[in-house]
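Data block below; observations after.
The values are calculated or read from the model by the stated rules, or taken from the named source; none is laboratory data. Bear in mind that the values here come from a model prediction, so they are computed numbers and not experimental data. Every residue, glycine among them, receives a Cβ derived from its backbone with ideal geometry; neighbour counts consider all protein chains shown.
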Amino acid sequence: MKKKFLIVIADYYKDISKGLLKSSLDLLPKNDQIMIIKVPGVFEIPVTISKNIRKYDGFLALGCVIKGQTPHFDFISQSSTDAIMKLAIESKKPIGNGIITCLNMKQALVRKKKGREAAEAVMSVLSQK
């Protein structure tokens, strides 16, 4: 049976986001319906998924947060992760968390294929009986 997926991608770091998206699309079934919504930053991902939670079977949250000189990194990383987990549990729908959190751009560039792992997680949960 065809599935409907929503990928919400924060494109603040465009090169990283492009890699995350490509690696996730490489895994998702080509005959399924896939919608992509771009948002400015990671903080906007949970609300965008929440607005669309009834329309799709599975979701991918993709983006990157790189640590700077302030505690902003910690707040954004933790609040986004918590919101995504809460949405998944309350809706009983899988949300693959492909938001990478890195200390620097070098780490982010190495991890930009993590979108595939988020897609694998969603596919795994959807295949459960």
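Could you identify the single residue in Thr48, Thr101, Thr81 that is farther than 19 Å from Ala121 by Cα and β-branched (Val, Ile, Thr)? First the steps, then the outcome.
Working: Thr101 fails: farther than 19 Å from Ala121 by Cα; Thr81 fails: farther than 19 Å from Ala121 by Cα.
Sole residue among the options that is farther than 19 Å from Ala121 by Cα and β-branched (Val, Ile, Thr): Thr48.
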Restrict the check to the stretch 40-53 and report whether at least one residue is touching a helix residue (DSSP H, G or I) at 6+ places or on another chain (Cβ under 8 Å), touching a residue at least 60 places away in the same chain (Cβ under 8 Å) and within 23 Å of Lys14 (Cβ to Cβ).
no
Of everything in the stretch 7-21 that's of a type in the set (A, V, I, L, M) and under 20 Å from Ile49 (Cα atoms), which residue is surrounded by the most Cβ atoms within 10 Å (Cβ to Cβ)?
Leu20
Of all residues in the stretch 63-91, which are within 14 Å of Val42 (Cα to Cα) and assigned to a loop (DSSP other than H, G, I, E, B)?
Lys67
Per the list (1) in contact with a Pro (Cβ under 6 Å, 6 or more places away or on another chain); (2) in a loop (DSSP other than H, G, I, E, B), residue check on Ile53 breaks on (1)
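Just the residues that are more than 16 Å from the chain's Cα centre (by Cα) and either within 15 Å of Val47 (Cα to Cα) or assigned to a helix (DSSP H, G or I) (or both), please, taken from the stretch 92-125.
Let us first name the residues in the stretch 92-125 that are more than 16 Å from the chain's Cα centre (by Cα), namely 92, 103-107, 109-110.
Of everything in the stretch 92-125, those that are more than 16 Å from the chain's Cα centre (by Cα) and either within 15 Å of Val47 (Cα to Cα) or assigned to a helix (DSSP H, G or I) (or both) turn out to be Met105, Lys106, Gln107, Leu109, Val110.
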From the list Lys114, Lys67, which residue is surrounded by 22 or more Cβ atoms within 10 Å (Cβ to Cβ) and of a type in the set (Lys, Arg)?
Lys114
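Can you spot a residue in the stretch 26-40 that is in a helix (DSSP H, G or I), within 23 Å of Ser124 (Cα to Cα) and aliphatic (A, V, I, L, M)? Explain how you work it out, then say what you get.
Step one: of the stretch 26-40, the residues in a helix (DSSP H, G or I) are none.
Looking through the stretch 26-40, none of the residues is in a helix (DSSP H, G or I), within 23 Å of Ser124 (Cα to Cα) and aliphatic (A, V, I, L, M).
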With the structure loaded, tell me whether Asp15 is within 15 Å of the chain's Cα centre (by Cα), at pLDDT below 95 and acidic (Asp, Glu) or whether it fails that test.
no
Somewhere in the stretch 82-97, is a residue in contact with a Pro (Cβ under 9 Å, 6 or more places away or on another chain), crowded, with 18+ Cβ neighbours inside 10 Å and either over 16 Å from Ile9 (Cα atoms) or basic (Lys, Arg) (or both)?
yes
